[in-house]
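The values are calculated or read from the model by the stated rules, or taken from the named source; none is laboratory data. Quick caveat: nothing in here was measured; it's all calculated off a predicted structure. So basically every Cβ, Gly included, is an ideal-geometry build from the backbone, and we count neighbours across all protein chains shown.
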Amino acid sequence: MIGKKNVVFGFLYLVLTAALGPYMVVNQVPTIDEAKAQKQQIVGEIQQHKLDNFEKDLEPMTVEDIAKGNTGGLLSLNKLYNAEDPKNMIKAGPHAHGNLEALLNIVAGIALCFIAVAPKLKQAISWLFILGAVLHSGVLYLMIVFDLYAIAPIAPAGPIMLLAALLLAGIAALLGFKGEPVRD
């Protein structure tokens, strides 16, 4: 069964990419929580100054004090944004795409078991799905999680392979979908 390798790859790859969730919680959330607490403290002070009509200890605040407070607030918001950025990059890149491409391989592998076309075509479809996932979300994984941006030039090959696999799978299903498992 040609699709078997896609199903096996899909489940194993899903474990790898899904594991990025706990990785993000352990490695990113403490930094984010610290930045949130700092931002809330500084922005809370700014809010209190506004509620007090920009008076501090019953004295009007100087323009300089107000500006310094606002600058501190902006910098704390920027620090929070910068703390959240690595987590957002992982979520939007290898975590989301990897999970999707793992599931796509599982579905494609099962579908290939029901399609009666030339074995070479089925092998091509099968390998395009696997290589497409590795060269797309796998490269994103290496770039974002391990900071290996030198491999970025090969990243566009993955989505092209996945689109080709989808197109070929659609054509193969049109020509040879049987509705029951077939022998290769």
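Couple of notes before you dig in:
- Filter result (small (Gly, Ala, Ser), under 8 Å from the mean Cα position of the chain (by Cα) and buried (at least 17 other Cβ atoms within 10 Å of the Cβ)) within segment 89-109: GLY93, GLY98
- Of all residues making up segment 52-70, the number that are assigned to a helix (DSSP H, G or I) and either touching a helix residue (DSSP H, G or I) at 6+ places or on another chain (Cβ under 8 Å) or not small (Gly, Ala, Ser) (or both): 7
- For segment 91-142, residues that are among the basic types (Lys, Arg) and either modelled with pLDDT of 95 or more or in contact with a strand residue (DSSP E or B) (Cβ under 9 Å, 6 or more places away or on another chain) (or both) total 2.
To keep it simple, each residue is scored yes or no on (1) at pLDDT 90 or above; (2) among the aromatic types (Phe, Trp, Tyr); (3) assigned to a helix (DSSP H, G or I).
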position	(1), (2), (3)
TYR23	no, yes, yes
ASP33	no, no, yes
GLU45	yes, no, yes
LYS50	yes, no, yes
GLY72	yes, no, yes
LEU75	yes, no, yes
MET89	no, no, yes
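- Hey, LEU140 touching a residue at least 40 places away in the same chain (Cβ under 8 Å), in a helix (DSSP H, G or I), touching a Pro at 6+ places or on another chain (Cβ under 6 Å) and not aromatic (Phe, Trp, Tyr) or not: yes
- Single residue of segment 126-156 satisfying the filter (more than 16 Å from GLY98 (Cβ to Cβ) and either touching a Gly at 6+ places or on another chain (Cβ under 9 Å) or among the acidic types (Asp, Glu) (or both)) that is surrounded by the fewest Cβ atoms within 10 Å (Cβ to Cβ): ASP147
- Subset tally (residues that are polar (S, T, N, Q) and modelled with pLDDT of 95 or more) for segment 1-21: 1
- Flag if LYS91 is free of Cβ contacts under 8 Å to residues at least 24 places away in the same chain, of a type in the set (Lys, Arg) and more than 30 Å from LEU174 (Cα to Cα): no
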